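One structure below.
Laboratory data are not the source of any read-out in this text; all were calculated from the coordinates shown. Just so it is clear, the model here is predicted, and its values are computed rather than measured. So basically every Cβ, Gly included, is an ideal-geometry build from the backbone, and we count neighbours across all protein chains shown.
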Amino acid sequence: MSSPMEIREIVEETGAAAVLALSGDLDLLAAPDLYQRGAHAAEDRHNLILEMSGVKFCDSSGFNALIRLRRRTEEAGGRLVLAAAPEQVRRLLALSGAEVLFRTTETLAEARATVAASSPG
């Protein structure tokens with residue numbers, strides 16, 4: 001049985017990135033919502049961090065949403081960082097050759113530091 005995707009924005013007054021915490025299955029049902037919420041969250045800060053420790057499964061639709069969000073953030077002059085991506089997601093990135101496209105970190109704190117180091121100012 002699939003686990004519905006929950007997307008929670010981690011609101012910070014300061015910081016160089018919008019942060020979304022994901023849990024559940026990143027699948028055909030969840031991918032459109034993730035893309036819309038991610039694109040909207042990154043509008044102001046341009047950088048987007050997806051905290052993925054709660055993701056249980058990612059299919060090709062979820063993978064496509066990640067690719068599209070990466071392109072969207074880069075076109076806005078920012079970057080997308082995947083924090084605490086589970087083994088299944090990292091394996092999907094490696095098997096598809098997309099691991100070179102994404103910056104991944106072990107923790108949310110590392111992701112924040114990565115974005116802060118790459119931000120001007």
**OP:** Choose one answer from Thr104, Thr14, Thr73: the residue with the largest mean-square fluctuation in a GNM of the chain with alpha-carbon springs under 10 Å.
**Re:** Thr14
**OP:** Take the Cβ-Cβ distance between Lys56 and Glu99 as r, set R0 to 22 Å, and report the resulting FRET efficiency rounded to the nearest 0.05.
**Re:** 0.60
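Before anything else, pin down the relative contact order of the chain: Cα pairs under 8 Å, at least 6 apart, normalised by residue count, whole percent.
On the way: 220 pairs, mean separation 29.6, N = 121.
Result for the chain is 25 percent.
Peptides 88-101, 20-33: what's the order by average Cβ count within 10 Å, highest mean first?
On the way: 88-101: 13.8, 20-33: 18.9.
Peptide ranking by packing, descending: 20-33, 88-101.
Looking only at region 1-59, where both bridge partners belong to it, what percent of the DSSP beta bridges are antiparallel (to the nearest 5)?
On the way: 5 of 14 bridges.
Rounded to the nearest five, the antiparallel share is 35 percent.
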**OP:** Can you tell me how much longer the chain between Ile10 and Gln88 gets when fully stretched, taken as 0.36 nm per residue apart minus their C-alpha distance, in nm with one decimal?
**Re:** 25.7 nm
**OP:** Using amide H atoms built 1.01 Å from N in the peptide plane, name the residues 5+ places from Glu51, or on other chains, whose amide H lies under 5 Å from its own.
**Re:** Leu20, Ala21, Leu22, Ala83
Original post:
Simple spin-label model, 7 Å along Cα-to-Cβ: Ser2 to Arg68 in nm?
Top reply: 1.5
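Based on the Cβ-Cβ distance from Ala39 to Ala113, what FRET efficiency comes out when R0 is 30 Å, to the nearest 0.05? Kindly include the intermediate steps, with their values, before the conclusion.
Details: r = 24 Å, r/R0 = 0.79.
E(calc), rounded to 0.05, equals 0.80.
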Subject >> Computed log₁₀ I(q)/I(0) - Debye formula, equal Cα scatterers, no solvent, region 6-114, q 0.17, 0.21 Å⁻¹ >> reply: -0.69, -1.12
Original post:
Per-residue ellipticity at 222 nm for the chain, helices alone: DSSP H runs ≥ 4 residues times -39500 (n - 2.57), over residue total, nearest 500 deg cm²/dmol?
Top reply: -13500 deg cm²/dmol
